[in-house]
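**Q** One structure follows; several queries about it will come next.
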Amino acid sequence: MEGLEGLRVLELGEGVSAAYATKLMADLGADVIKVEELEGDRARRRGPFPGGADDPERSGIFLYLNTNKRGVALDLRRDRARLERLVASVDVLVHNFPPAAMAERGIGYEAFRRLNPRLVLCSITPFGLTGPYRDYAAEELTLAHGGGWANLSPGALERADGPPLKVFGHQCDFQAGVAAAAATLAACRGAQRSGRGEHIDFSTHSFVASFLEQALVHYSYAGRVATRFGQRLLYPWGIYACADGLIFLAIIEEDQWLRLVELMGRPEWAELEIFRNTVVRSENWDVLKLYLEEWTRRWKVEELYHQGQARRICFAPVFTLAEMSRQPHLAERRFFVDVEHPQAGRLTQPGAPYRLSRDWWRVRRPAPALGQHTSEVESEIAAGLPPAPAPVEPPRALPLQGVRVLDFTWVWAGPFCTLHLAHLGAEVIRVESSRRLDAGRRLPIFPSDMQGGPNRSGYYNQWNQGKKCVQINLHHPDGVALARDLAARSDVVVENFATGVMERLGLGYETLRSARPDLIMASISGYGQTGPQRAYMAYGPAIAPLTGLSSLTGYAGDVPREVGISYGDPNGGIHAAAAICAALLARERTGAGVHIDVSLWEAMAVLVAEGWMDHTMNGTQPPRMGNRDPRMAPHGCYRCAGEDAWVTIACPDDASWRVLCAALGQPYLAHDARFATVAARKRNEDALDATLSGWTATRDRWQVTRLLQAVAVPAFPSLSPKDLVLDPHLEARGFFARLPHPEVGVRAHAGIPWRLTHGPSVVRAPAPLLGQHTDEVLRELLGYSDAQIGRLREAGALV
């Protein structure tokens, strides 16, 4: 068997989150049976469509999300027996029905567990299955704003009149899908070992709130509220105009600033006192931007991109989808794939979010027609359904218990990956050195009542909870030997150094696997381990520009915008975690290891699928729409009473619109010819939004939310990080980790965004002090004596 071959997965629900979770499994070889209700998945009506003509068999987002799956059509409300036969025949069930819809269809873990005790059930819902908001109606817009992400966008100080901004597409649902896939695959490994299943109660809202970079700890450590208008900690950073387009620039380290000054020809203004270091450059960002943009406007984008990268400066073009499609680097890595579909024809689609040293990922079949495989699947079940094993009472254990991860990562992408492996029960051992502190330890997000220090940054302490830390000098031969010994005793190695660094240190995959043939190793980098630009520098915020996501995000009629966080980092990290969990499950049956090459660029490009499918079908790029939606109206963010207070409202259909009008006390609006249908509302959207804004402007955002949610209209405030830390729903779900830390005391950190039925769902330890576990790990894992450890420390191998 290769990859996930032999794993049987049932998918229920509609839209993006569950479909993307199971797509990740199907593309690695799992047999995914997609059950649609008789009217078909909502994604079939979403589009984009060739020529703009609606056709449920040619919807771009559906075709992308459902490669390699078999399709079954079933009336879930009426045909319980057929559903139960399917549930009894699979290893995994993933769905994204909200709680009320689950009840209507009889979807529940206890009932399904009696049919199939080994079943791993993942319930992806907007707010989870517990807590005050559990029954709230939600769309992508609701979660982007309610999870706090939109309040950090567009990350541009100069747009003070704009509402919080949703990023293009279904990014929250995609993120929920990846993280749910990681947790599900980990739980499946545990189930196959123990014979006992698991239920994962996954909250999309919680997961969005969990990846807001430093926003939550800014508040819990220093009382500062990060907003889309806030001052950056680091500058230069942002999108700048060139002679023929736009380019992104991020300067993180002081030596990069010096190289930029050199590239600019050492202008006199760069020596001004107001630009002497990153702190004052950030304070004087507006003046510096004027100088920088005067210089960048003399360059063409491609020329400045390559000239800057040649000097190890993080430049990245703001590509359109058409420009991205022509990039030689992606072509050499064979990122795009052609998929032949019987209805839609041959379409070029985004390929894998990671590359594997084993040939597990490939497109085996196009997305299914509605009900295409119903008879085939039912015949298979009738021919050989295995008897259900006897029910067992599972102990409270974590899915990755017993897995050891050696962590050579820093900043965010790598630590975000290993954080989730730790959440799932793995023992994660970080390798660090005081010779070059992790940038996360140096970011000045320190408690307001104490001085800074390497153990006091909220940024580091957020992303490294639940891990151990050993201090090893990888520039010392004894340190390298120690690292190799640790790798030989580990199941997984994760690194996100610049491409080639691990090989130069003598710690590359081929070297490490010689001592541990079944090693799973993930290498996370901006551009991947191969290709002409593999050595290019790419921080997380540079990835949205490279993928076309920035060109699609922004207010209507305005310029492309940043996406509020360094999105490339957590996205690359969680894709790596999902691939690692898949590899661990595959290793259970094959005994084989694998090298996982995660390119931040490719891992995000797959999430721009809705825009990409429009490009590949029609040769066009969707316009920037702010908070609006191509298929829904109203769909926006509206000002409320209070300072910078906003509420989102979305109506997915005409019925929802009629209910909204009644709740407003203006039922006649439902019959106004301008607003009577979705098409009419889209044509008159300015007038529609003006009407709603006039109503919300005098009302409290939570008053609006409660009124509309009472009649099942998706509505929710656009929350700030402070709002999230004080949020009663997140508190009720036990989302926040407040563990005593030796130096900073008790602070609120984002915790685990899912709940397990049979395993603990709490962060097990605060982030480690630098080198805190060095002696413990060397003694207990490698068998070193105190005298040996002392000699290594004296020789400089443990600094």
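**Q** So which of A673, A633 ends up being in a loop (DSSP other than H, G, I, E, B), farther than 24 Å from E610 by Cβ, at pLDDT 95 or above and among the aliphatic types (A, V, I, L, M)?
**A** A673 is the lone residue from the list that is in a loop (DSSP other than H, G, I, E, B), farther than 24 Å from E610 by Cβ, at pLDDT 95 or above and among the aliphatic types (A, V, I, L, M).
**Q** Between a residue in region 259-276 that is at pLDDT below 95 and any residue that is outside any loop (DSSP other than H, G, I, E, B), which pairs come within a Cβ distance under 7 Å, given they are 6 or more apart or on different chains?
**A** W269/Y291; A270/V261; I274/V280; I274/V287; F275/R281; F275/L288
**Q** Still on this structure: G506 versus (1) farther than 28 Å from R764 by Cα; (2) open to solvent by 30 Å² or more (accessible area, probe 1.4 Å): which is the lone unmet condition?
**A** Evaluating G506 over (1) farther than 28 Å from R764 by Cα; (2) open to solvent by 30 Å² or more (accessible area, probe 1.4 Å) leaves (2) as the failure.
**Q** For region 476-500, which residues satisfy the criterion of being open to solvent by 40 Å² or more (accessible area, probe 1.4 Å), out of contact with any Ser or Thr (no Cβ under 8 Å at 6 or more places or on another chain) and either among the polar types (S, T, N, Q) or more than 28 Å from A765 (Cα to Cα) (or both)?
**A** P477, D478, A481 - these are the residues of region 476-500 that are open to solvent by 40 Å² or more (accessible area, probe 1.4 Å), out of contact with any Ser or Thr (no Cβ under 8 Å at 6 or more places or on another chain) and either among the polar types (S, T, N, Q) or more than 28 Å from A765 (Cα to Cα) (or both).
**Q** Another one. Which one is least open to solvent (accessible area, probe 1.4 Å), of the residues in region 37-56 that are farther than 25 Å from A352 by Cβ and in contact with a helix residue (DSSP H, G or I) (Cβ under 8 Å, 6 or more places away or on another chain)?
**A** For region 37-56, the residue satisfying everything is F49.
**Q** Also, quick follow-up: Picking from Q666, Q709, which residue would you name as being surrounded by 14 or more Cβ atoms within 10 Å (Cβ to Cβ) and among the polar types (S, T, N, Q)?
**A** Q709
**Q** List, please: which pairs have Cβ atoms under 6 Å, are six or more places apart or on different chains, and start with a residue in region 714-736 that is among the small types (G, A, S) and end with one that is in a loop (DSSP other than H, G, I, E, B)?
**A** As it stands, the answer is S718/P164; S720/V225; A732/G131, since those pairs meet every condition given.
**Q** Another question, if that's okay. Taking the options A81, A73, name whichever one is of a type in the set (A, V, I, L, M), open to solvent by 10 Å² or more (accessible area, probe 1.4 Å) and either on the phi > 0 side of the Ramachandran plot or without any contact (Cβ under 8 Å) to a residue 12 or more places away in the chain (or both).
**A** A81
**Q** So which residues in region 83-129 are farther than 22 Å from R70 by Cβ, part of a helix (DSSP H, G or I), over 27 Å from the mean Cα position of the chain (by Cα) and of a type outside the set (K, R), if there are any at all?
**A** If the condition is that a residue be farther than 22 Å from R70 by Cβ, part of a helix (DSSP H, G or I), over 27 Å from the mean Cα position of the chain (by Cα) and of a type outside the set (K, R), then A103, E104, E110, A111 are the ones that fit.
**Q** Of the residues in region 216-245, how many are more than 30 Å from R738 (Cβ to Cβ) and open to solvent by 50 Å² or more (accessible area, probe 1.4 Å)?
**A** Residues in region 216-245 being more than 30 Å from R738 (Cβ to Cβ) and open to solvent by 50 Å² or more (accessible area, probe 1.4 Å): 2 in total.
**Q** A further question follows. Which of the residues that make up region 364-378 are free of Cβ contacts under 8 Å to residues at least 24 places away in the same chain and within 29 Å of the chain's Cα centre (by Cα)?
**A** none
**Q** Just for region 509-522: of the residues that are of a type in the set (A, V, I, L, M) and crowded, with 21+ Cβ neighbours inside 10 Å, which one is nearest to A586 (Cα to Cα)?
**A** Among those that are of a type in the set (A, V, I, L, M) and crowded, with 21+ Cβ neighbours inside 10 Å, it is I520.
**Q** Among the listed residues T590, T648, T616, identify the single one that is under 30 Å from L424 (Cβ atoms) and either of a type in the set (S, T, Y) or without any contact (Cβ under 8 Å) to a residue 60 or more places away in the chain (or both).
**A** T590
**Q** A further question on this structure: Does F315 count as in a loop (DSSP other than H, G, I, E, B) and surrounded by 14 or more Cβ atoms within 10 Å (Cβ to Cβ)?
**A** No: the conditions fail for F315.
**Q** Just one of (1) modelled with pLDDT of 95 or more; (2) within 30 Å of L65 (Cβ to Cβ); (3) of a type in the set (D, E, K, R) trips up R430, so point out which.
**A** With (1) modelled with pLDDT of 95 or more; (2) within 30 Å of L65 (Cβ to Cβ); (3) of a type in the set (D, E, K, R) applied to R430, the lone miss is (2).
**Q** Filter region 577-605 down to residues that are farther than 30 Å from T227 by Cβ and touching a strand residue (DSSP E or B) at 6+ places or on another chain (Cβ under 6 Å), then give me how many there are.
**A** 9
**Q** Can you list the strands (runs of 3 or more DSSP E) lying wholly within region 194-307 that have 2 or more residues being among the acidic types (D, E)?
**A** Result: 198-203.
**Q** Also: On the given criteria, is L519 among the hydrophobic types (A, V, I, L, M, F, W, C) and over 28 Å from the mean Cα position of the chain (by Cα)?
**A** So L519 fails the test.
**Q** I'd like the residue in region 585-599 that is under 19 Å from G573 (Cβ atoms) and open to solvent by 10 Å² or more (accessible area, probe 1.4 Å) and, out of all such residues, is nearest to the chain's Cα centre (by Cα).
**A** This residue is D597.
One line per residue, one yes/no per condition, for (1) crowded, with 17+ Cβ neighbours inside 10 Å; (2) touching a Phe, Trp or Tyr at 6+ places or on another chain (Cβ under 7 Å):
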| position | (1), (2) |
| --- | --- |
| V725 | yes, yes |
| A732 | no, no |
| F736 | yes, no |
| G751 | yes, yes |
| A765 | no, no |
| L782 | no, no |
| S785 | no, no |
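**Q** Return the pair list, or none, for Cβ contacts closer than 7 Å from residues in region 511-524 that are within 19 Å of Y354 (Cα to Cα) to residues that are of a type in the set (F, W, Y), at least 6 apart or on different chains.
**A** M521/Y509
**Q** Have a look at Y567, Y638 and point out the one that is at pLDDT 95 or above and more than 30 Å from D700 (Cβ to Cβ).
**A** Y567
**Q** Within region 2-18, is there a residue that is open to solvent by 10 Å² or more (accessible area, probe 1.4 Å), at pLDDT below 95 and not in a loop (DSSP other than H, G, I, E, B)?
**A** No - not one qualifying residue is present in region 2-18.
**Q** Would you check if there is a residue in region 683-705 being in a strand (DSSP E or B) and either open to solvent by less than 60 Å² (accessible area, probe 1.4 Å) or within 29 Å of Q175 (Cβ to Cβ) (or both)?
**A** no
The values are calculated or read from the model by the stated rules, or taken from the named source; none is laboratory data. Since the model is a prediction, treat every value here as computed from it, not as a measurement. A quick note on method: Cβ atoms are made from the backbone with ideal geometry, for glycine too, and the neighbour counts reach across all protein chains shown. Protein only, heavy atoms only, side chains kept; ligands, DNA and RNA dropped before computing areas. Shrake-Rupley method; radii C 1.70, N 1.55, O 1.52, S 1.80 Å.
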